[in-house]
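Only one structure is covered here, and it is reproduced in the block below.
The values are calculated or read from the model by the stated rules, or taken from the named source; none is laboratory data. Since we're looking at a predicted model, the values are computed, not measured. Counting neighbours? That spans all protein chains shown, and the Cβs are built from the backbone with ideal geometry, glycine included. Each accessible area value is taken on the protein alone, full model and side chains, heavy atoms only, with ligands, DNA and RNA left out. Shrake-Rupley method; radii C 1.70, N 1.55, O 1.52, S 1.80 Å.
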Amino acid sequence: MIKILLPEQLIEKLKSKGVKFELYTEKDAIDFLNYHNYYVKLTAYRSNFSKHNNQYVGLDFLALKDLSTIDMHLKHLILKATLGIEHSLKVNMLKDIQERDINEFQIVKEYLSQFDRVLGELNARRNSSYVKNLLAKYPHPDYPIWVFLEVISFGEFVNLYRYYCETYSCGSLDYEILYGVRDIWNAAAHNNCIIHNLRDKSGYYKNEVVTIVRALLPELRLRTIRDRLKNQSVQDFVSLLIGLDIVVMSNPFKTKLLEEFAILFTDRMTRKAYLYKSAPAISQTYEFCKKVLDAVIAHGLK
């Protein structure tokens, strides 16, 4: 049976892997692990640093703590942005359905005939205190599209959006980009680490994302854009910014949210930049995402 290690033992484990405690004392690190974060989540950020002879290079515990704080702020903004994108897409879809004079019950029936896995979830939600009164107005599973949109999960909505794009028409946002929005929302909603394994380039870049980034940043080489987007976290975050720029029509909401992203990037993320001199993956990712963010902000002001 695997025994859970005490914070003191976890500190020794980190030290054995080359993590330094020169800028943050071992005592403070123990307190941090006891009251503010836990080992598995905190140490996920180690993957941004390289190793030599199985020892991390230039990694102080303070960097792990700093990244965990930045990641927390980033996740809060990601969730806010995703809610805005989801709301705007649903409004746009309902408007398009109305303009096309599509039967509001028939479209749900057709969707459920292809994706009947949703039936069980819908039936279960009839007992939810948040939506049961809404669902109770209709016999299961005969719901109008505006009710269906109100009760399905964001993941299911992404699938519905693709179905609508392929069956009727896609709006201004390609569903391939929305997949990235879904994935980073899912990570943030489950409190997974966003800023982790930035050195990993084993993913694939989406041409839809590459095309938009090239238009936003024509000065960047295509090779550079593709290389940066091979990291899944980076591509998903860029997809989120693209979705926010293209879909959200509420200028006050969009402007305020982009300002919050800008403050995070220009203030909080750079506050302890000296900690990451030995982690080029962090600085390269920061520079790329900052350029995309600046371009999206500039585009939104036009």
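Of the numbered criteria (1) modelled with pLDDT of 95 or more; (2) under 23 Å from Glu176 (Cβ atoms), the one Val248 fails is (1). Note on the stretch 180-233: residues that are under 18 Å from the mean Cα position of the chain (by Cα), closer than 21 Å to Glu287 by Cβ and acidic (Asp, Glu) total 1. In the stretch 64-80, the residues that are among the small types (Gly, Ala, Ser) form Cβ pairs under 6 Å with partners that are assigned to a helix (DSSP H, G or I), at six or more places apart or across chains, as follows: Ser68/Leu42. Any residue that is part of a helix (DSSP H, G or I), touching a residue at least 12 places away in the same chain (Cβ under 8 Å), buried (at least 16 other Cβ atoms within 10 Å of the Cβ) and touching an Asp or Glu at 6+ places or on another chain (Cβ under 7 Å) - is there at least one of those in the stretch 272-280? Yes, the stretch 272-280 contains at least one residue that is part of a helix (DSSP H, G or I), touching a residue at least 12 places away in the same chain (Cβ under 8 Å), buried (at least 16 other Cβ atoms within 10 Å of the Cβ) and touching an Asp or Glu at 6+ places or on another chain (Cβ under 7 Å). Scanning the stretch 98-150 for residues that are hydrophobic (A, V, I, L, M, F, W, C) and either loosely packed, with under 12 Cβ neighbours inside 10 Å or in contact (Cβ under 8 Å) with a residue 60 or more places away in the chain (or both) yields Ile102, Ala124, Ala136. A single member of Ile195, Ile242, Ile297 is hydrophobic (A, V, I, L, M, F, W, C) and under 16 Å from Asn48 (Cβ atoms), and it is Ile195. Could you please let me know if Ser172 is out of contact with any Ser or Thr (no Cβ under 8 Å at 6 or more places or on another chain), within 20 Å of Ile246 (Cβ to Cβ) and open to solvent by 70 Å² or more (accessible area, probe 1.4 Å)? Yes; evaluated as a whole, the condition is true for this residue. With respect to the conditions (1) open to solvent by 30 Å² or more (accessible area, probe 1.4 Å); (2) touching an Asp or Glu at 6+ places or on another chain (Cβ under 7 Å); (3) not β-branched (Val, Ile, Thr), Glu26 falls short on a single one, namely (2). Looking across the stretch 42-79, the residues that are among the charged types (D, E, K, R) and open to solvent by 20 Å² or more (accessible area, probe 1.4 Å) come down to Arg46, Lys51, Lys65.
Only helices (runs of 4 or more DSSP H) whose full extent lies in the stretch 136-205 are considered here, and the ones with at least 2 residues that are under 24 Å from Ile225 (Cα atoms) are 175-189. Within the stretch 211-229, is even one residue part of a helix (DSSP H, G or I), touching an Asp or Glu at 6+ places or on another chain (Cβ under 8 Å) and touching a residue at least 24 places away in the same chain (Cβ under 8 Å)? There is no residue in the stretch 211-229 that is part of a helix (DSSP H, G or I), touching an Asp or Glu at 6+ places or on another chain (Cβ under 8 Å) and touching a residue at least 24 places away in the same chain (Cβ under 8 Å).
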